[in-house]
Amino acid sequence: MTVAGMAGYMVAIFGSSSAAAISLGWPWWLAVAVAIVIAVVFGTLVGWLSVRTEGIYTIMITLAIGVAFFYLAQQNYTLFNGFQGFNKVFAPTVFDVDFREPVPFYFLALVCALAGYFFVKTLVRAPFGVALQGIRDNPRRMHALGYYVNAHRVAAYAAAGLMAAVGGVLMVWYNSRISPGSANIGAMINILIIAVLGGMRHPIGAFVGAIVFVLAQNFAIDLIPGFRERFNLVIGSVFLAIVLFSPDGLLGLWAKFRSRLGPQSPTSNQRRRPQ
């Protein structure tokens, strides 16, 4: 979320916004390209700092960097325009298609989401992705096999930073503004909940978690009495239940449900004994 916030701020700074004294007014395509590059470099540096730790310490370092970025953006008026942020950061018009309109922007976001999904699917099947899975499961063994574990982890941060940067560009275009609140602690926790809800071991898990979270946030609060005041409590309880009973998220629960209801494998498919 911090990388996405960085990309959104860079779009506002290099592009056009209400803060004409700060924004440079570059063409939108150039501002987006530079913003994505800076955000990816920032995400890579975060990875370079984080890979030297493990477990709770990695979480604390990334959280500390996110909090530091939030307060930097809130208190710096020369570059980030303080708590006001940037307004009127509009999406462009390309080939007579105005992406400020809801339908064109929806399909733009859909295309980017599908591109990110297939990017992850391709990456997982590539040798680099297989090495990352091995490092996730047993980094010592991968190091013994000759893999540079820290370099692979930093590269994984860079790949994740690329997708987060694209999301940050879409975020600032969707809201037509960017401020410190766009990347505060609440936004970071929401991203974490979405990832855990869906299932972090599956590329489709982020979509499942986002659908459940957004539906609960926008519709359940109106259908269930008192849910609006207790939304964080309910989501937090669901988060704890998922972590305790299904570390693989909702997709893990679905897999267990299917395995229990699925037919037993026929005996004809069993391995035949050698003659």
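The values are calculated or read from the model by the stated rules, or taken from the named source; none is laboratory data. The structure displayed is predicted, hence computed values, not measured ones. All Cβ positions, even for glycine, are placed from backbone atoms using ideal geometry, and neighbour counts span all protein chains on display.
As an exercise: evaluate residue 165 against (1) outside the structural domain of residue 62 (by TED's automatic domain parsing); (2) under 21 Å from residue 110 (Cβ atoms) and give the number of the one condition it does not meet.
Looking at each condition in turn, residue 165 falls short on (1).
Answer yes or no as to whether residue 106 is at pLDDT 90 or above, in a helix (DSSP H, G or I) and within 21 Å of residue 43 (Cβ to Cβ).
no
Could you please find all residues in segment 241-257 being part of a helix (DSSP H, G or I) and under 23 Å from the mean Cα position of the chain (by Cα)?
241, 242, 243, 244, 249, 250, 251, 252, 253, 254
Any chance you could count how many residues in segment 146-196 are under 13 Å from the mean Cα position of the chain (by Cα), modelled with pLDDT under 90 and either assigned to a loop (DSSP other than H, G, I, E, B) or of a type in the set (A, V, I, L, M) (or both)?
Residues in segment 146-196 being under 13 Å from the mean Cα position of the chain (by Cα), modelled with pLDDT under 90 and either assigned to a loop (DSSP other than H, G, I, E, B) or of a type in the set (A, V, I, L, M) (or both): 10 in total.
The rows are residues; the columns are (1) in contact with a helix residue (DSSP H, G or I) (Cβ under 9 Å, 6 or more places away or on another chain); (2) closer than 14 Å to residue 157 by Cβ; (3) surrounded by 13 or more Cβ atoms within 10 Å (Cβ to Cβ).
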{"residue": "50", "(1), (2), (3)": "yes, yes, yes"}
{"residue": "71", "(1), (2), (3)": "yes, no, no"}
{"residue": "79", "(1), (2), (3)": "yes, no, no"}
{"residue": "117", "(1), (2), (3)": "yes, no, yes"}
{"residue": "131", "(1), (2), (3)": "yes, no, yes"}
{"residue": "145", "(1), (2), (3)": "yes, no, no"}
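Output yes when any residue across segment 119-131 is outside any helix (DSSP H, G or I), of a type outside the set (Lys, Arg) and farther than 30 Å from residue 91 by Cβ, and no when none is.
So far as segment 119-131 goes, yes, one or more of its residues are outside any helix (DSSP H, G or I), of a type outside the set (Lys, Arg) and farther than 30 Å from residue 91 by Cβ.
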